[in-house]
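Note sheet for the following structure.
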Amino acid sequence: MAAAVVWRRGAAWLRSCRANRELPGVPRARGCAGSREVVPTCERYAVRRLPFARLADGDVAFFERLMPGRVITGEEEVKPFNVDWLKSVRGCSQLVLKPQTTAEVSQILRYCHERNLAVNPQGGNTGLVGGSVPVFDEIILSTALMNQIISFDKVSGILVCQAGCVLESLSEYLEEQGFIMPLDLGAKGSCHIGGNVATNAGGLRLLRYGSLRGTVLGLQVVLADGSALDCLTSLRKDNTGYDLKQLFIGSEGTLGVITAVSILCPQRPKAVNVAFLGCQSFAKVLETFTTCRAMLGEILSAYEFMDEKCMELVETHLKLSSPVADSPFYVLIETSGSNSTHDEEKLHNFLERAMASGLVTDGTVATDEKKIKVLWSLRERITEALTHEGYVYKYDISLPVGKLYDLVTDMRARLGQSAKNVVGYGHLGDGNLHLNITAESYSHSLLEAIEPFVYEWTARCSGSISAEHGLGFKKRHFIHYSKPHEAVLLMQQFKAMLDPKGILNPYKTLPSAPDRSAC
């Protein structure tokens, strides 16, 4: 009964958003002209602006004195920071700040707290749920210039760096030292490590190295009132009191602004192999995974899958070529270890078993770096290919592995011809499905057919409505499908304690507090 109430609540919110694209009496924020290609979030979702102060000339003057040359105010210059890279949500901020130090972030937030100015922390702006851009006119605090590596210990493998370091740059630096980052993402060329931590990003290496909740050792965070919390420890074991960093990992910038990270990095594998295989059914994909895990054991570092629709998209839009004959499903398996002869022998024995038993119908193996990157691009660039299809409805779901693809099948049957494409791919080794639905343009009726059905389906299977992308703006009202009321209430209490004025990344992650008057 409780679940049914939750589902009705989520559905009611959704209907109200679609029925009232613009609330009467709620003024449009300034600075929205000139971006007709993306409908402002506040209009599309009928969001009511909370009573934060509005930016004044005196505020801009203060920030220009604090950070000369690192304050952006021009409409065209601010525009890229207002729109997510999917071009699905758009804010109306008039100001972007680019601090370089924790002290500057502290001064910014102390001032904004006193003035009751809302702040939107932003890293590489690669998020997929609308959490990285403003909803109204929140000040954008960009970590782009906080990009310094503070230290790296070759003995322990512990890296300490500022939050604005780009993931790919960190990876390149570490590889020169004989190490790698414990996470890898398709967006690695743009995303910031601080944003990765703030969203608890999963990615392609989680099967081998675990989540950021295990590899992040310490954080430096600035709270809403400007006070700096220095928990930037480089210790693997520290059992003194509560583990406060866990509050901020995955908090999406709503509890504090992460300014520096201490993270444990594994040694760079000396031998890496990638197999790209074709399977005739999802049941074969699952059985291949079971066999693979048993035979490859400790050297298995990734097990990814994609359906034939995904392959069609990367071939059509990105002109990539599949090395495997047409198959209903494709699997990418990566091994990484310290002995190439040992690893290749194990992989050969597995492939021989998989082919002989009919689990796999075709496949190819790459051992050199260039060919490995070519095979990985077939999987990593699916998101990019999807953007060429029009508007993309994205869902990042955790499910019991055996049920992972059932949701795709059911969604195709439900939507029929109303969707352009319904595709499924993801991190099968982690039970993480990326369900993507495309249409020529945004459609209220199509969204109503998808939501809350997708969340109800996931809840019935005891899954999570967000495996690794976070809740952001788009999913915050559906958190009850994955968390009990008591857990959500406790989260709101944490938020109220750490950010009593609610200035940090408002309208994100948690459901709205009781109605407050619009301004």
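A few points about this structure:
- Members of region 146-176 that are assigned to a helix (DSSP H, G or I) and either without any contact (Cβ under 8 Å) to a residue 40 or more places away in the chain or open to solvent by less than 10 Å² (accessible area, probe 1.4 Å) (or both): 167, 168, 169, 170, 171, 172, 173, 174, 176
- If you go through region 449-472 and keep only what is part of a helix (DSSP H, G or I) and either in contact (Cβ under 8 Å) with a residue 24 or more places away in the chain or hydroxyl-bearing (Ser, Thr, Tyr) (or both), you end up with 449, 450, 453, 454, 455, 456, 457, 458, 459.
- Filtering 130, 69 for residues that are out of contact with any strand residue (DSSP E or B) (no Cβ under 9 Å at 6 or more places or on another chain) and either open to solvent by 10 Å² or more (accessible area, probe 1.4 Å) or not in a loop (DSSP other than H, G, I, E, B) (or both) leaves a single hit, 69.
- Just one of (1) farther than 28 Å from residue 134 by Cβ; (2) at pLDDT below 95 fails for residue 284. It is (2).
- Here residue 183 meets the list (1) among the hydrophobic types (A, V, I, L, M, F, W, C); (2) under 15 Å from residue 124 (Cβ atoms); (3) not in a loop (DSSP other than H, G, I, E, B) almost entirely, failing just condition (3).
- Of all residues making up region 86-117, the number that are part of a loop (DSSP other than H, G, I, E, B) and open to solvent by less than 10 Å² (accessible area, probe 1.4 Å): 8
- Residues that are assigned to a loop (DSSP other than H, G, I, E, B), out of contact with any Pro (no Cβ under 8 Å at 6 or more places or on another chain), open to solvent by 30 Å² or more (accessible area, probe 1.4 Å) and not basic (Lys, Arg), drawn from region 40-66: 51, 55, 56
- Any pair with Cβ under 9 angstrom, 6 or more apart, that starts in region 52-70 at a residue that is hydrophobic (A, V, I, L, M, F, W, C) and ends at one that is open to solvent by 90 Å² or more (accessible area, probe 1.4 Å): 55/30
This table checks each residue for (1) of a type in the set (Ser, Thr, Tyr); (2) open to solvent by 10 Å² or more (accessible area, probe 1.4 Å); (3) touching a Gly at 6+ places or on another chain (Cβ under 8 Å); (4) within 28 Å of residue 83 (Cβ to Cβ).
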{"site": "438", "(1), (2), (3), (4)": "yes, no, yes, yes"}
{"site": "455", "(1), (2), (3), (4)": "yes, no, yes, yes"}
{"site": "476", "(1), (2), (3), (4)": "no, yes, no, yes"}
{"site": "494", "(1), (2), (3), (4)": "no, yes, no, no"}
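- Residue match in region 58-81 (condition: of a type in the set (Lys, Arg) and either under 25 Å from the mean Cα position of the chain (by Cα) or modelled with pLDDT under 95 (or both)): yes
- Single residue of 498, 504 found to be touching a Ser or Thr at 6+ places or on another chain (Cβ under 6 Å) and either surrounded by fewer than 16 Cβ atoms within 10 Å (Cβ to Cβ) or more than 30 Å from residue 301 (Cα to Cα) (or both): 504
- Selected residue (criterion: nearest to residue 426 (Cα to Cα)) from residues of region 186-199 that are assigned to a loop (DSSP other than H, G, I, E, B) and open to solvent by 30 Å² or more (accessible area, probe 1.4 Å): 186
- Look at region 274-295: where a residue is touching a residue at least 24 places away in the same chain (Cβ under 8 Å) and over 15 Å from residue 327 (Cα atoms) and a partner is in a helix (DSSP H, G or I) and open to solvent by 70 Å² or more (accessible area, probe 1.4 Å), sitting 6+ places away or on another chain with Cβ atoms under 7 Å, you get 291/353; 295/353.
- Given (1) free of Cβ contacts under 8 Å to residues at least 24 places away in the same chain; (2) open to solvent by 30 Å² or more (accessible area, probe 1.4 Å), number of the condition residue 81 does not satisfy: (1)
- Of the criteria (1) over 16 Å from residue 305 (Cβ atoms); (2) open to solvent by 20 Å² or more (accessible area, probe 1.4 Å); (3) not aliphatic (A, V, I, L, M), which one residue 393 fails: (2)
- Beta carbons closer than 7 Å, at least 6 apart along the sequence or on distinct chains, pair a first residue in region 343-356 that is more than 16 Å from residue 331 (Cα to Cα) and touching a residue at least 24 places away in the same chain (Cβ under 8 Å) with a second that is part of a helix (DSSP H, G or I) and open to solvent by less than 100 Å² (accessible area, probe 1.4 Å) for 343/299; 346/295; 346/296; 346/299; 349/295.
The values are calculated or read from the model by the stated rules, or taken from the named source; none is laboratory data. Just so you know, these numbers come straight off a predicted model, no measurement behind them. All Cβ positions, glycine included, derive from the backbone under ideal geometry; neighbour counts span all protein chains shown. Accessible surface areas use protein heavy atoms only, side chains included; no ligands, DNA or RNA. Shrake-Rupley method; radii C 1.70, N 1.55, O 1.52, S 1.80 Å.
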